[in-house]
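This report refers to the structure that appears directly beneath it.
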Amino acid sequence: MFCPKCGTENPDGAQFCASCGNSAGAAIIERDAVPAAAAAAPGTTQVVNVQMQGMVQKNGLGTAGFVLALIGVFTSWVPVLGWVVWLLGAVLSVIGVFRVPRGLAIAGTVLSFIDLILLLAVVSACSAVGVGAASLMG
Ligand SMILES: [Zn+2]
């Protein structure tokens, strides 16, 4: 299908133009769905079409951010590695929130916050242990 705004060819199922970001979905869906909808149940085809397009649509950055944030939950107690994974996951998730679909990106952002809390808890626990050990030693 072609973007009605800038004419760039986009893969079938794309809701937004890869070139100009125009949310071309509405116009394209209507054009594609009209013949089928007129032949069969009006409206039903369009709804299915929209759902299919939502499933086809991919948000690579948001997915990567979510996966990294998920890994970050388990690596948050690892010095340096946990911080790197958290930083990457948080950055990718926040960038991914501005793309569609943003479900995983939002989940990644929330997970990143949890990671940050875990990181801070680990850091404070480590310093507490350090202070405790120091006072035991001294
Ligand atoms: Zn376009």
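Numbers below:
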{"quantity": "Count - residues of the range 88-117 that are assigned to a helix (DSSP H, G or I) and either at pLDDT 95 or above or within 15 Å of the chain's Cα centre (by Cα) (or both)", "calculated": "20"}
{"quantity": "Residues that are modelled with pLDDT of 85 or more and more than 8 Å from the ligand (Cβ to nearest atom), drawn from the range 17-33", "calculated": "none"}
{"quantity": "Selection count, the range 86-108, where residues are over 24 Å from Gln15 (Cα atoms) and buried (at least 23 other Cβ atoms within 10 Å of the Cβ)", "calculated": "2"}
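The values are calculated or read from the model by the stated rules, or taken from the named source; none is laboratory data. Worth saying up front: this structure is predicted, and the values here are computed from it rather than measured. Don't worry about glycine lacking a Cβ; one is built from the backbone with ideal geometry, like all the others, and counts go over all protein chains shown.
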